[in-house]
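Take a look at the structure below.
The values are calculated or read from the model by the stated rules, or taken from the named source; none is laboratory data. Everything numeric in this text was worked out from a predicted model, so none of it was measured. FYI the Cβ positions are ideal-geometry reconstructions off the backbone, even for glycines, and counts take in every protein chain you see. Only protein heavy atoms, including side chains, enter the accessible area calculation; ligands, DNA and RNA are left aside. Shrake-Rupley method; radii C 1.70, N 1.55, O 1.52, S 1.80 Å.
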Amino acid sequence: MTVTQQQCREMDAADPLARSRDAFVLPEGVVYLDGNSLGALPRQAEERVRAVMTQQWGKDLIKSWNLHDWIGVPARLGAKIARLIGAKPGEVLVADSTSLNVFKALHAALCLRPGRRVILSDEGNFPTDLYMAQGLIEQLSDSHRLEIVPPEEIAAAITEDVAVLMLTEVDYRTGRLHDMKALTKLAHDKGALAFWDLCHSAGAFPVDLNGCGADFAVGCGYKYLNGGPGAPAFIYVAERWQGSAEQPLLGWMGHEAPFAFDLDYRPKPGIARFLVGTPPILSLTALEAGLDLFADVALEALRAKSGALGDLFIALVEQELAGSGLALASPRPAAQRGSQVSYRHPEGYPIMQALIARGVIGDFRAPDILRFGFAPLYVSFSDIWTAVAQLKAVMAGREWEKP
C-alpha cells in the first residue's frame, strides 16, 4: 500500500501529542531528527532560567536555597522523572552526569555482591558506561573483570560469577531494544543485580523499572527529556537497596547533616546519599522546563507515536528508496526498537552531511550508520515525509559525492 503525503497530514491531525509541538523552538525549514542526541529547546526554558537569574539569584541571593527551595530541586525533579521510568518518587535523584552516576551505581551494586567478580555487558552498551566500569575495576585493584558479549549472547552469559548485569536498554546505534523484564529476571535468578542505562529510553517511551524489578538505573537529561546541552543526569536506586547501598563519592550534599560541617562522613538516609556536590540550579531549571512538558502526556500515547513514526519512516524508505543501497540496521517490529531508526550505507557520513545541508538533521555513527531519532513530543508525521523526500533527492543526485 502506497503512503501519501496527505495520509501523513491526516495522521498529524489525529495525533493526540500534536499540540506539544508548539511548546518547542523549532527552526523554520528544519526537520529535526536528532533529539536522541540533543533535545529541542522548550519555549519555557529561557523564561524560567531568566527568572531564576534575575529574581532568585539576582534579588534573593543565597536566601534562595531555602526561600525558593533550591536545596530540594534534585529530589523534586527526580520525582518528575520517576513517573516516566516506572519508579517511586523517592527512588530517583537528578544529579551529576550520566558517567558519574554509572560509577556510583556500579560501585554500589558490586558492594552488594561481594563474592562475585564479573560485570557483564554487551557490545551495544554506550562506551562511556564501559569506560567507567574499566576505571572502577582499576580502582578496585583489578579484583573484578568486565565481560562484553554480543547482545544475542547476554542470556547465556549470565552465570553465577556475575555480580552485575549492566546494559543500555536501547542500543544507541541501531535502536535495538533489550527485553528489560526478561533479562532482569535472568540476572536475579542467577543471584546478580540488574543495572540499566536509560539515556535513549526516558522521555521516548514509558519504562517500568519497578515492574521489571530493576536494581539500579541511570539516564541523561539532554536527549528526550529536553534539558539542554550537558543537562544534569538522573540516578535510580530501588527502595530495597537504599539502606545498604554504598556509593564511593562522599560529597557534602550526601552527608546526613551537610551544614554541620563534621569532619567525618555519615550518609543521608535513602537515595539522598547518592548526592555529591552542590546542585547546578540554572541547569536544573532548564531541565525542569523540559520535564514539565510531560506532565499531561499519556505515556501510552508516547509509545504509540514513537512506534508509528518509526514504522512510517521504514515504510517510506522502502517505498521511495528501493535500490538505493540503504540497509535497515534497526529491528523492523516497533516493539523491538526504541524511538529511532538506523540505516547502513558505505557512504553514510557524507550522505548525512548532504541531508543536513538540505535541512534534515539526523546523525552518523561509525562506521556506516545513519541514525534518525523520533522525539514524540515534537516530531510530526509530515516531518517524516519531508525527511524521506529529501533523503531520496540526496541519493538520486548522488549529492554525497559533492565537496
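Taking θ as phi - 60°, what are the ³J(HN,Hα) couplings along segment 294-302 by the Karplus curve (6.51, -1.76, 1.60), each to the nearest whole Hz, with x for Gly and Pro?
Whole-Hz 3J(HN,Hα) from phi for segment 294-302: 8, 4, 9, 8, 6, 5, 5, 5, 4.
Find the relative contact order for the chain and round it to a whole percent, using C-alpha pairs within less than 8 Å whose residues are 6+ positions apart. Can you show the working numbers first?
Values: 777 pairs, mean separation 92.6, N = 403.
Reported as a whole number, the value is 23 percent.
Quickly work out the residue 396-to-residue 249 label distance, labels modelled 7 Å from Cα along the C-beta direction, and quote it in nm with one decimal.
Placing both labels 7 Å beyond Cα along the Cβ direction yields 5.1 nm.
Could you tell me the calculated FRET efficiency between residue 260 and residue 60, based on Cβ-Cβ distance and R0 = 22 angstrom, to the nearest 0.05? Don't jump to the answer; show the numbers that get you there.
Values: r = 24 Å, r/R0 = 1.10.
With a Förster radius of 22 Å, E is 0.35.
Remind me, what semi-axes does the chain give for its equivalent ellipsoid, largest first in whole Å, using sqrt of 5 times each Cα gyration tensor eigenvalue? Intermediate values should be presented prior to the final figure.
On the way: eigenvalues 271, 150, 62 Å².
That gives 37, 27, 18 Å for the three semi-axes.
Are there any chymotrypsin sites (Phe, Trp or Tyr not before Pro) in segment 162-228 that are in a DSSP loop and have at most 13 other Cβ atoms within 10 Å? List them by number. Please list the in-between numbers first.
Numbers: sites: 172, 195, 196, 216, 222, 224; in loops: 172, 222, 224.
Sparse-neighbourhood loop chymotrypsin sites (Phe, Trp or Tyr not before Pro): none present.
Could you pull out every residue, at least 5 positions away or on a different chain, whose amide H is within less than 5 Å of the one on residue 337? Hs are placed 1.01 Å off N in the peptide plane, and Pro or chain starts have none.
The answer is 177.
Quick one: 3J(HN,Hα) in Hz for segment 396-402, Karplus 6.51/-1.76/1.60 with θ = phi - 60°, rounded, Gly and Pro as x.
5, x, 6, 5, 5, 7, 7
Around residue 267, what is the net charge, scoring Lys/Arg as +1 and Asp/Glu as -1 over all other residues with Cβ under 15 Å from its Cβ? Before the final figure, lay out the partial values.
Details: positive: 104, 266, 268, 273; negative: 246, 256, 262, 264.
Cβ neighbours under 15 Å give a net charge of 0.
How much of the DSSP bridge set in segment 89-233 is antiparallel, in percent, rounded to the nearest 5? Kindly include the intermediate steps, with their values, before the conclusion.
Values: 1 of 17 bridges.
Antiparallel bridges make up about 5 percent of those DSSP assigns within segment 89-233.
What percent antiparallel are the DSSP beta bridges of the chain, to the nearest 5? It would help to have the intermediate numbers written out before the result.
Numbers: 22 of 40 bridges.
Here the antiparallel bridges make up roughly 55 percent for the chain.
What net charge is computed for the residues neighbouring residue 33, neighbours being all others with C-beta under 12 Å from the C-beta of residue 33, Lys and Arg scored +1, Asp and Glu -1? Kindly include the intermediate steps, with their values, before the conclusion.
Details: positive: 371; negative: 34, 363, 383.
Local charge sum for residue 33: -2.
Provide the per residue accessible area, probe 1.4 Å, for segment 296-403, rounded to a whole number of square angstrom.
Details: 4170 Å² over 108 residues.
Averaged over the residues of segment 296-403, the accessible area is 39 Å².
Out of every Cα pair in segment 262-403, what percent are spaced more than 27 Å from each other? Please list the in-between numbers first.
Numbers: 3979 of 10011 pairs.
Summing the P(r) tail past 27 Å for segment 262-403 gives 40 percent.
Roughly speaking, to the nearest percent, how much of segment 67-199's 1.4 Å accessible area is carbon and sulfur?
With neighbouring chains kept in place, the figure for segment 67-199 is 54 percent.
Taking +1 at the Cβ of each Lys and Arg and -1 at the Cβ of each Asp and Glu, which of 136, 280, 395 sits farthest along the dipole of the chain towards its positive end, judged by Cα position relative to the Cα centre?
280
To the nearest 500 deg cm²/dmol, what mean residue ellipticity at 222 nm is calculated for the chain from DSSP H runs of n ≥ 4 alone, each contributing -39,500 (n - 2.57), summed and divided by the residues?
On the way: 13 runs with 140 residues, N = 403.
Theoretical 222 nm ellipticity from helices: -10500 deg cm²/dmol.
With θ taken as phi - 60° and the coefficients 6.51, -1.76 and 1.60, list the Karplus ³J(HN,Hα) couplings across segment 319-336 in order, rounded to whole Hz; mark glycine and proline as x.
For segment 319-336, the Karplus curve yields 6, 9, 10, 4, x, 7, x, 6, 10, 4, 9, 9, x, 6, x, 4, 5, 9 Hz.
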